[in-house]
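Worksheet: the structure to be examined is printed underneath.
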């Protein structure tokens, strides 16, 4: 069952990326990001409220949100701040890059986690992990060659740098998740629920401070049906992932690999919905990235 939940999570992550790209085309980034988080928070708020009145029922349903301390709220607020920074950068990049270029960069998270482990914790990679790193580096070089034919210079393009920086900050968030859940013992459901609430607070402040005063000088905001689906698809994808982790015998390495395969869905969205160029060439490079992710994660 946990494998099916992993595939389900990957599917909805891909739909999440497609919804982001559709919402951001010729649209103001910060309001799109803010309103999508509002809908995500609206989905988890009933679980928080009902957990206070019907804890046993919510526990049986697998969506019980336990009470946490003030310190716990501060920890989760910090996670929301990290993710907000990551998302602002990656949303700006996704608006200005083809989805078939942006999402493979985002999928490089396992590579940066491994490099961080080598640099800061002096871990020694296995042969398979070295092979995975080499495969991903060659594949990203192939993407840079393909992107140059579309006017995207990987080493100098601002939006590529934004997506890369957003990915690196997102990697920090993933490591922080491990600290919150495994070291501090917070419930994954509580982390996901309150994280969604605090995102609205932080991004609301960002919109008020940076977009509203200058909105006449930037791309105007246009409401689109895909905006609420950004939040909805992400909540569903994350819930399926955390649910899969509760099954006895579930393997996080396999689940992480399945989650990375969401770029196949977003890649197909680039083909069908956004009519992007050179998709056959990009498909070969994409297969290399997925192979590298699998090699890195399967050797854990």
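The values are calculated or read from the model by the stated rules, or taken from the named source; none is laboratory data. Since the model is a prediction, treat every value here as computed from it, not as a measurement. Using ideal geometry, Cβ is built from the backbone for each residue, glycine included, and neighbour counts are taken over all protein chains shown.
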- Query: Mind checking which residues of the range 20-32 are crowded, with 19+ Cβ neighbours inside 10 Å and under 16 Å from residue 97 (Cβ atoms)?
  - Reply: 20, 21, 22, 23, 24, 29, 32
- Task: Take the range 142-157 and flag every residue that is assigned to a helix (DSSP H, G or I) and in contact (Cβ under 8 Å) with a residue 40 or more places away in the chain.
- Result: 142, 143, 146, 147
- Message: I'm checking my understanding of the structure. Among residues of the range 209-226 that are assigned to a loop (DSSP other than H, G, I, E, B) and at pLDDT 90 or above, which one is farthest from residue 31 (Cα to Cα)?
- Response: 225
- In the set 74, 89, 94, the lone residue that is at pLDDT 90 or above and over 24 Å from residue 273 (Cβ atoms) is 74
- Has the range 83-97 got any residue that is outside any helix (DSSP H, G or I) and in contact (Cβ under 8 Å) with a residue 12 or more places away in the chain? yes
- Task: Run residue 115 past the list (1) under 20 Å from the mean Cα position of the chain (by Cα); (2) without any contact (Cβ under 8 Å) to a residue 24 or more places away in the chain; (3) within 19 Å of residue 263 (Cβ to Cβ) and report the number of the one that doesn't hold.
- Result: (3)
- Query: Going by the structure shown, is residue 210 surrounded by 15 or more Cβ atoms within 10 Å (Cβ to Cβ) and farther than 28 Å from residue 63 by Cβ?
  - Reply: no
- Item | Residues satisfying the stated conditions in the range 131-158, i.e. under 20 Å from residue 281 (Cβ atoms) and buried (at least 18 other Cβ atoms within 10 Å of the Cβ) | 135, 136, 139, 140, 143, 146, 147, 152, 154, 157
- Query: Of these, 76, 68, which one is assigned to a loop (DSSP other than H, G, I, E, B) and either surrounded by 15 or more Cβ atoms within 10 Å (Cβ to Cβ) or without any contact (Cβ under 8 Å) to a residue 24 or more places away in the chain (or both)?
  - Reply: 68
- Here are some residues: 251, 297. Which one is buried (at least 19 other Cβ atoms within 10 Å of the Cβ) and either under 25 Å from residue 118 (Cβ atoms) or at pLDDT below 75 (or both)? 297
